[in-house]
Each structure stands twice: as C-alpha cells, then as structure tokens.
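Undergrad: Attaching a single structure in structure tokens format; questions to follow.
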Amino acid sequence: MSSNRAEAADGGPTKRWAMTSSLTLCYTLSVVILLGAASAFLYWGLQRSMHQRNSDYLRQKMQVLAAILEKDPLDRPGVEQEVREEAEILGRSQSPFLLRVLDGTGHLVVESPGMQSLLPVSIFRPAQAPQTSGRVWRSPGKQQFLLATLPQSGAPAHPKWQIQAALNVSAEQQLLGNYRRDIAIVLVGGLAIAALIGSWIARRGLRPLADITRATERIGARQLQERIRAGSWPKELVALATAFDHMLDRLQEAFERLSQFSADLAHELRTPINNLMGETQVALSRPRQAQEYARVLHSALEEYARLARMIDSMLFLARAEQARAALAPIELSAGHELRAVAEFYQALADEHEVELRCAGDAPVTADPILLRRAISNVVSNALKFTSRGGCVTLQATAGAGLSTVSVTDTGVGIEAHHLPRLGDRFYRVDPSRAGSPTGAGLGLAIVKSIMGQHGGSLLIESTPGRGTKVCLSFPAPAGSAQPSHPPA
C-alpha cells in the first residue's frame, strides 16, 4: 500500500537500479574514460611530433633555396639546379619533397617535375608571415601533402621571389589512421573486459550483503536468537552487521520482556478475578444473611480496588512511553517536595511505628506531579518492608551536575541478584512480598519510567538484613548552586 502511494506521488512506478549494475557501469565508464584519455594523449603526441618533424624539414629545404636567392637573385641556373636535385631525391624518397619558385608577379620561375599536375599554384595560400606552414591538402589522387609558403625579398633593384614547398605525408597519415583504428579496437575491447571484470568485482564485493539478506530472511519471532556474526568482511559491512546484531539483541530482549510481561499480567489479573469468582460462587451456593452478603461485597470491593490500581498503573506506564514531549518541568525545591510527601505518609509511618526523617535540599527541574508520584512509590515500598522501630530517611543532595533524591530504609534488604530487575513490570523479589494485597510489582516500574521521561536515572543499593537505598538522580538545572546537606 505504501509503495503504491509512493509510486503514485512520483507519477508512475519507481525504477530501481541494482547495486551490481550501478557499480559495474561506474567501473566500466571509469576504465573507458581513462583508456580514451590516455589513447587521445598518445595520439595527439604522435601527430604533433610528426607534424613538427615535417615542418622542420620543409623549413630547412626552403631556407636553403632562400639562401641561394638572397646571394644572387638573378642566379636562375643555381635555383634550377637546386630544384633538379630535389627532383632526383623525389624518385628515391618515400616522402617526396616538391619545390616551386615564383617571381614577384606570380609567374612561375621553376618547379619540381610534375608538381603542377599534383599541386597547382592556386592551392597555396599567400604568405602573410615570414613563413606559413602546417596545412595538409589532399590531391585528386588521394595523396596528402603538407604545404608551406615562404616569401623572399630580392635585392632592392630586383623583383621579389616566393617559394612554395610541399611534402608528401600520405604514409604518415595512413599510419595515424591505423593508429586511430587500433585505439577504437582497444576502447571497444577495454569496454567489454572492464564490464566483465567490474561485474565480477561488484558481485564479489556485495556478497556479504547477500549473506545479510539471507540471515534476515531466516529471522522471525521464533528465531530471534539468530545472528549474522560478520566474518572477514570489509570494515563498512562489519559495522553494518554488528549494528544489525545489536538491533537483534535489543529486539530479543524487548520480545522476551513483552512475553514475560504478558504472562505476568495474565497471572496478576487471574488472582483477583479468581478471588471474585470464588467468593461469588460461595455466596450463591445457598441463601445467606444480609451481613454475609455485605462481607462478600466488602471483600469484592477490595479486589476491585486492587484491579483499579493495577489498571491505573498500566495505563500510566503505557502513556509514559509517548508522553516525554508533554512534560511540564519546572524548577522545584527537592527538600520541599520531600517534606510534603513525608507529611502525607506520616500517619502510615506512625501506624507501622517507623520513624520518618527528611534532610537536605537541592534544586531539581521536574514535573511536580510526576516527581511526587515517584517519591511516593519509593516511600510506600520503604514503609511496607521496614519493621517496627526502623527508620526511613528522605534526603536531597546536589553535586557533579546532578540533583539526587534518595530514600534510605533499615528494612529487610534485597539480594544483589534481584537489583537489576527491580524496575521491571510485575517483578517481585519473592513470594512473601507478593502476598501484599496492595502490591502488584508496578511501583518501581513507574518510578523507572518517570526517571526516563526526565532524562534521569534510578539506582538501587541494598544489603540483606540492613536495608535499602533508592536514589533518583535528575540533571541539575543550569547555573544552579550545588548545596549538599548531611542527613539530620
């Protein structure tokens, strides 16, 4: 349903790429780009080197002829001899060189044999600089020539000369063409090989994710003990697997607590309901006097009150998990709150012949109603399990960035192995304590929940036969003083 809504919001179905395909594509493109860049650089270097070498050759030949013209501009036989010598080289060279000399009016003076049919005068650009070269021209016979033009001034009394030169570079251009073809083959082959290698690398690298997927598919409500247990995996995936195992630990613990809570809740509800049903069945087994019915109703009322308190506590715990944002904490005097709670429980303490003391003071930021409920639950437990002649001390202290409210009794104490579970719902230390009609094992669970809402902590210390100390620690208000008073 949610995926359909997401697709509808996007205007159509969402296309998802496989990570293997994405990684393979990225790897392949990277390899092709690197190969292409390297090949282009090598090709450019080779082409530039050939062009520079040919240009230097043209320049050298034209400079020789220019030197003859500068020495004697009217030495026509010398110029013709130089051109004929180059013509003889033409027959032996794989890269023939052609020369042409024009006078100042553009009329032909001399040229290499056959040059007019290969390279007409009109294809040479007029020289705009002392030397112009670098243009490659393709002849009708598919041959390619590198052209160059050199203007040459004659003596002051004689006309100017112009030298046109050309070098056949067909073989070199063919070499560059073959090189381009080889580059294309390398790129296509590299593309195919990179795709295969990239796919293999991606699949191998993502294999741990497949293991994680298979492990998660095995896990259900009855297999919460399963773990991924990362082996020799990359660091990133080891961290993922470890975090997933920790999440499973928390889920298993929460599931076990929920199962235990459900069992405890059923047990706690069954006891008063069975009592009510038993007493009602007995009362209805035969006609009775009004006083007997009244006694049954009074007994039922006690069970109803017990159920009401249990339901109220359960509702509080259920709401407390989502009520942190609804807190209304204010800065309070912890000593004042302790004295108010002690005054409320003074009559019960007198009835149990237990001394109730208050000591110290400290600023505390908390919701006043929840703070008093937490202190009341702790004091109620302390009075319940402190024998006659004992003492319960309520104390407030401040220090180390905390404001602490503690309740210390001289009661029977608690074994150490029970202490970590005292904040669990319906947990009671032993059956003798479970016999209390007013206790359901939710008092300290409520205290722990209240402390969690305030960002504080619950700490219980106890010594069997000597008593118990319960500490409620709240973050101290910013800028508050840190007074600490010894117990009275």
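The values are calculated or read from the model by the stated rules, or taken from the named source; none is laboratory data. Keep in mind that this is a model prediction, so the values were computed, not measured. In this analysis, Cβ positions are derived from the backbone assuming ideal geometry, glycine residues included, and neighbour counts consider all displayed protein chains.
Undergrad: Does the stretch 387-432 hold any residues that are surrounded by fewer than 19 Cβ atoms within 10 Å (Cβ to Cβ), at pLDDT 85 or above and not in a loop (DSSP other than H, G, I, E, B), and which are they?
TA: 391, 402
Undergrad: I've got another one for you. Which one is modelled with the lowest pLDDT among residues in the stretch 109-133 that are buried (at least 19 other Cβ atoms within 10 Å of the Cβ) and either assigned to a helix (DSSP H, G or I) or in contact with a Phe, Trp or Tyr (Cβ under 7 Å, 6 or more places away or on another chain) (or both)?
TA: My answer is 115.
Undergrad: Which number in (1) of a type outside the set (Lys, Arg); (2) modelled with pLDDT of 80 or more; (3) under 30 Å from residue 109 (Cβ atoms) marks the one condition that residue 154 misses?
TA: (2)
Undergrad: Of all residues in the stretch 39-71, how many are under 16 Å from residue 135 (Cα atoms), touching a residue at least 24 places away in the same chain (Cβ under 8 Å) and not hydrophobic (A, V, I, L, M, F, W, C)?
TA: Residues that pass the stated criteria total 6.
Undergrad: Here's another thing I want to ask about it. Could you run through the stretch 350-373 and say how many residues are in contact (Cβ under 8 Å) with a residue 40 or more places away in the chain, of a type in the set (A, V, I, L, M) and outside any loop (DSSP other than H, G, I, E, B)?
TA: Of the residues in that region, 5 qualify.
Undergrad: Oh, and also: Just one of 203, 222 is modelled with pLDDT of 75 or more and not assigned by TED's automatic domain parsing to the domain that holds residue 96; which is it?
TA: Within the list 203, 222, the selection yields 203.
Undergrad: Related question: Answer with yes or no whether residue 203 is out of contact with any Asp or Glu (no Cβ under 6 Å at 6 or more places or on another chain) and farther than 14 Å from residue 244 by Cα.
TA: yes
Undergrad: Let me ask something additional. Select, from 189, 198, the only residue that is closer than 30 Å to residue 240 by Cβ and either at pLDDT 75 or above or not in a helix (DSSP H, G or I) (or both).
TA: Exactly one of 189, 198 is closer than 30 Å to residue 240 by Cβ and either at pLDDT 75 or above or not in a helix (DSSP H, G or I) (or both), namely 198.
Undergrad: Against the definition (more than 48 Å from the chain's Cα centre (by Cα) and aliphatic (A, V, I, L, M)), how does residue 19 come out, yes or no?
TA: no
Undergrad: For the stretch 185-195, what are the residues that are loosely packed, with under 12 Cβ neighbours inside 10 Å and either under 23 Å from residue 19 (Cβ atoms) or among the hydrophobic types (A, V, I, L, M, F, W, C) (or both)?
TA: 185, 188, 192 - these are the residues of the stretch 185-195 that are loosely packed, with under 12 Cβ neighbours inside 10 Å and either under 23 Å from residue 19 (Cβ atoms) or among the hydrophobic types (A, V, I, L, M, F, W, C) (or both).
Undergrad: Still on this structure, please answer the following. Residue 106 fails exactly one of the following numbered conditions: (1) at pLDDT 70 or above; (2) in a helix (DSSP H, G or I); (3) exposed (fewer than 12 other Cβ atoms within 10 Å of the Cβ). What is the number of that condition?
TA: Every listed condition holds for residue 106 apart from (2).
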